[in-house]
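Colleague: Starting off with a structure, shown below.
The values are calculated or read from the model by the stated rules, or taken from the named source; none is laboratory data. In this text, all values refer to a predicted model and were calculated from it rather than measured experimentally. Glycine also receives a Cβ, built like all others from the backbone with ideal geometry; neighbour counts cover every protein chain displayed.
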Amino acid sequence: MTTEEKAGQVLLPFFTGKDVEAHAATIERLHLAGSIIMGDNVPRDPQGRVDAAGMAAINQRLAQATVADGDPWPGMIAVDQEGGLVVRLGTPLTEWPAPMSYGAAGNEGLTREAGQGLAGELVPLGFNTDFAPDTDVTMGPKDPTIGARAMSADPAAVAVHGVAFSQGMLAAGVLPVVKHFPGHGSVTADSHLSLPVQPAGVEELRGRDWKPFQAAIAAGTPMVMTGHIAVPALEPGVPASLSAPTYAALRGLGFKGVAVTDALNMGAVAKQYPSGSAAVMALQAGADLLLMPADVSQAHAAIVGAVKSGSLPPERLDEAARRVATMMVWQGRRGPAAGIPAGSSAAVSARVSASAVTVVSGPCTGPLVPGAVRVAGGGPGDRERFEAAAARAGLALGSGPLVNLIGFGGRPAGGDIEVALDAPWPLQGSPAPVRLALYGRTDAAFDALAAVLAGKATAPGKLPAAVGSVPAGTGCA
């Protein structure tokens, strides 16, 4: 490969809007590794649902562009589809609850089934890579970014469920990406906006944040994403994604796959390292794949220029391009994945929510409401979904105990029963006698909640993180 081709092989760009032909031309001109699809690229019908045939056609065109050079390996067609808050593709694909549901349910086999179901529905649309699962360990209320995207606050639980979800994805034919090394769940700033600082020393990180990554590496994960987090114990003031000691630490855990940066257009990097410099720094540090540079043409030119000037050793670019190509050769040799129709994993999603719903305080058996219920709180659409689920469970609406829904970033507001729809810790300040954690706002999650309220089902979940003085592991037996 020429230097220009190698430089393209380590870049995974985004594009804005629906101009697929222009993006395909850029992929061909710069020999790019593939593309990531963001929300504004997704074609939708008049009802706002994903146009599956249109999405498949877009991805097919982009995949064609990646092999225009005659490369014998497929291009990477990627998406961010974690479930919960982080999804680019909605209905008719199955809606999934927040990943913290897996930690609450505590069922490794169910987590694997969910990973396979979520990924399996991406395959007919042309995706072969998904930037999931998130294997960060959340520290609880002071974690502003990850929250219920984390499977648990317990490193051992995140390790088990992260591996299970990844294995399910691989079984479906989709490459998983564990993220965000060296750990984004235990910092107090959001790297989309600014550079968080991780104050922990290396031994503390090994005992907490790195455990899920160590488990994923031992299980053969193909890709690990580095986050835009400064770790003074490794390299003060430099985002991990651009830090050679961070990549050395990752390789020190035994990782031999593709190290991919978090999106290089995020605030933590783009403000400090503009005009292609972040791409070169990441490669110099040890990254293999550079995700979403703010301007992919600038990044490509900067890499080629750095090789020609000698500031980027050609051997480093060779190593990075070879790792990416090797992974995609392996992906291609696995053969075409069968895929499953959009929406066909709805029953698995429902089982996840039914297994996760947790009693934080209140009775474990019998109806929690006397046949009728009122509802308040929540975000757009939450009350409507709750009311529909309550009606399906045979509960009358408009009288009886008040159920207050707490959405993402919400606060307790009183009521007879308070329900956290996302992370459970907002329940900490609630005076309600009954407090429940749901970890999701899908129709199936509200059905699970309504079944518990009506006494038609028990709540088998266990808290995956402490809620004030209520310890992790609390729940009904």
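Colleague: Taking region 56-71 as the region of interest, how many residues are among the hydrophobic types (A, V, I, L, M, F, W, C), touching a residue at least 12 places away in the same chain (Cβ under 8 Å) and over 18 Å from Val123 (Cα atoms)?
Modeller: Counting residues in region 56-71 that are among the hydrophobic types (A, V, I, L, M, F, W, C), touching a residue at least 12 places away in the same chain (Cβ under 8 Å) and over 18 Å from Val123 (Cα atoms) gives 2.
Colleague: Whether any residue in region 252-264 is closer than 21 Å to Thr138 by Cβ, crowded, with 21+ Cβ neighbours inside 10 Å and modelled with pLDDT of 95 or more is what I want to check.
Modeller: Yes - at least one qualifying residue is present in region 252-264.
Colleague: Give me the pairs, please: first residue somewhere in region 143-157 and farther than 16 Å from Phe213 by Cα, second residue anywhere and part of a loop (DSSP other than H, G, I, E, B) and aromatic (Phe, Trp, Tyr), beta-carbon distance under 7 Å, and either six or more positions apart or on two chains.
Modeller: Here the result reads Ala148/Tyr439, each pair linking region 143-157 to a residue that is part of a loop (DSSP other than H, G, I, E, B) and aromatic (Phe, Trp, Tyr).
Colleague: Pull up region 176-193, narrow it to residues that are under 16 Å from the mean Cα position of the chain (by Cα) and among the aliphatic types (A, V, I, L, M), then point me to the one that is nearest to Gln214 (Cα to Cα).
Modeller: Val178
Colleague: Within region 219-241, which residues are surrounded by fewer than 20 Cβ atoms within 10 Å (Cβ to Cβ) and touching a helix residue (DSSP H, G or I) at 6+ places or on another chain (Cβ under 8 Å)?
Modeller: Those that are surrounded by fewer than 20 Cβ atoms within 10 Å (Cβ to Cβ) and touching a helix residue (DSSP H, G or I) at 6+ places or on another chain (Cβ under 8 Å): Ala219, Ala233, Glu235.
Colleague: Tally up the residues in region 140-174 that are of a type outside the set (A, V, I, L, M, F, W, C) and out of contact with any helix residue (DSSP H, G or I) (no Cβ under 9 Å at 6 or more places or on another chain), please.
Modeller: Final tally of qualifying residues: 4.
Colleague: Shifting gears a bit: Do you know which of the residues in region 113-132 that are out of contact with any Asp or Glu (no Cβ under 9 Å at 6 or more places or on another chain) and of a type in the set (A, V, I, L, M, F, W, C) is surrounded by the most Cβ atoms within 10 Å (Cβ to Cβ)?
Modeller: So, considering only residues that are out of contact with any Asp or Glu (no Cβ under 9 Å at 6 or more places or on another chain) and of a type in the set (A, V, I, L, M, F, W, C), the one surrounded by the most Cβ atoms within 10 Å (Cβ to Cβ) is Ala114.
Colleague: Within region 242-251, track down each residue that is buried (at least 20 other Cβ atoms within 10 Å of the Cβ) and not aliphatic (A, V, I, L, M).
Modeller: Those that are buried (at least 20 other Cβ atoms within 10 Å of the Cβ) and not aliphatic (A, V, I, L, M): Ser243, Thr246, Tyr247.
Colleague: Any idea how many residues of region 250-271 are polar (S, T, N, Q) and under 17 Å from the mean Cα position of the chain (by Cα)?
Modeller: 1
Colleague: Could you list, in sequence order, the residues of region 146-197 that are under 28 Å from Gly407 (Cβ atoms), crowded, with 21+ Cβ neighbours inside 10 Å and among the β-branched types (Val, Ile, Thr)?
Modeller: Ile146, Val158, Val177, Val178, Val187
Colleague: Identify, please: which residue in region 436-473 is of a type in the set (S, T, N, Q) and under 20 Å from Gly410 (Cα atoms) and is, among those, farthest from the chain's Cα centre (by Cα)?
Modeller: Only one residue tops the list, namely Ser469.
Colleague: Taking region 398-412, which residues are surrounded by 15 or more Cβ atoms within 10 Å (Cβ to Cβ) and either of a type in the set (A, V, I, L, M) or at pLDDT below 95 (or both)?
Modeller: Listed by number, the residues that qualify are Leu402, Val403, Leu405, Ile406, Gly407, Phe408, Gly410, Pro412.
Colleague: Quick one: is Ser345 in the same structural domain as Asp422 (by TED's automatic domain parsing), touching a residue at least 40 places away in the same chain (Cβ under 8 Å), under 23 Å from Pro460 (Cβ atoms) and polar (S, T, N, Q)?
Modeller: no
Colleague: Specify which of the listed residues (Pro426, Pro460, Pro412, Pro431) is more than 21 Å from Val352 (Cα to Cα), assigned to a loop (DSSP other than H, G, I, E, B) and out of contact with any Asp or Glu (no Cβ under 8 Å at 6 or more places or on another chain).
Modeller: Answer to the check: Pro431.
Colleague: Got a sec? Which of Pro433, Pro424 is over 29 Å from the mean Cα position of the chain (by Cα) and either of a type in the set (A, V, I, L, M, F, W, C) or modelled with pLDDT of 95 or more (or both)?
Modeller: The unique qualifying residue is Pro433.
Colleague: Here's a follow-up. With respect to Ala465, is the statement that it is buried (at least 23 other Cβ atoms within 10 Å of the Cβ) and either assigned to a loop (DSSP other than H, G, I, E, B) or at pLDDT below 95 (or both) true?
Modeller: For Ala465, the condition - buried (at least 23 other Cβ atoms within 10 Å of the Cβ) and either assigned to a loop (DSSP other than H, G, I, E, B) or at pLDDT below 95 (or both) - is met.
Colleague: Could you please let me know if Thr135 is under 19 Å from Arg208 (Cα atoms), surrounded by 22 or more Cβ atoms within 10 Å (Cβ to Cβ), touching a residue at least 12 places away in the same chain (Cβ under 8 Å) and not hydrophobic (A, V, I, L, M, F, W, C)?
Modeller: The answer is yes for Thr135.
Colleague: Pick out the one residue from Gly120, Gly168, Gly126, Gly147 that is over 30 Å from Gly468 (Cβ atoms) and within 15 Å of the chain's Cα centre (by Cα).
Modeller: Gly168
Colleague: Here's a follow-up. I'd like the residue in region 283-294 that is surrounded by fewer than 24 Cβ atoms within 10 Å (Cβ to Cβ), of a type in the set (A, V, I, L, M, F, W, C) and assigned to a loop (DSSP other than H, G, I, E, B) and, out of all such residues, is modelled with the highest pLDDT.
Modeller: Met292
Colleague: If Ala114 meets every condition in (1) under 21 Å from Ala448 (Cα atoms); (2) part of a strand (DSSP E or B); (3) not β-branched (Val, Ile, Thr) apart from one, which number is that one?
Modeller: For Ala114, the failing item is (2).
Colleague: To continue, here is another question. Which one is surrounded by the most Cβ atoms within 10 Å (Cβ to Cβ) among residues in region 87-112 that are in contact with a Lys or Arg (Cβ under 8 Å, 6 or more places away or on another chain) and under 21 Å from Val160 (Cα atoms)?
Modeller: Pro99
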